[in-house]
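Report on one structure; see the data block that follows.
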């Protein structure tokens, strides 16, 4: 999914900041998998490309817990609220 935000307007200084920006950019009700989140974060923060998906998801749980709900934990499926 392409996110319609201008990520070039500010310099992203951390993977956690990129995770917050990507999840905030998803529309309410949008469902996404952990791998999709990883790819979207890596698109705007290239260093995240070599990180494990679990690392990205850990940042999501820590910094964005109020922005999503878990739909299916076994399938790593989440929904933006």
What are the pairs with Cβ atoms under 6 angstrom where one residue, in region 5-28, is within 17 Å of residue 78 (Cα to Cα) and the other, located anywhere, is modelled with pLDDT of 95 or more and not in a loop (DSSP other than H, G, I, E, B)? Sequence gap at least six, or different chains. 19/41; 19/59; 19/60; 20/63; 22/40; 22/41; 26/80; 28/80
Residues in region 1-26 that are at pLDDT 55 or above, assigned to a helix (DSSP H, G or I) and under 16 Å from residue 47 (Cβ atoms) total 8
Inside region 13-29, can you point out the residues that are exposed (fewer than 15 other Cβ atoms within 10 Å of the Cβ) and over 9 Å from the mean Cα position of the chain (by Cα)? 13, 14, 27, 28, 29
Is it fair to say residue 41 is within 16 Å of residue 13 (Cα to Cα) and at pLDDT 95 or above? yes
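The values are calculated or read from the model by the stated rules, or taken from the named source; none is laboratory data. Since the model is a prediction, treat every value here as computed from it, not as a measurement. Please note: Cβ atoms are built from the backbone with ideal geometry, for glycine as well, and neighbour counts cover all protein chains shown.
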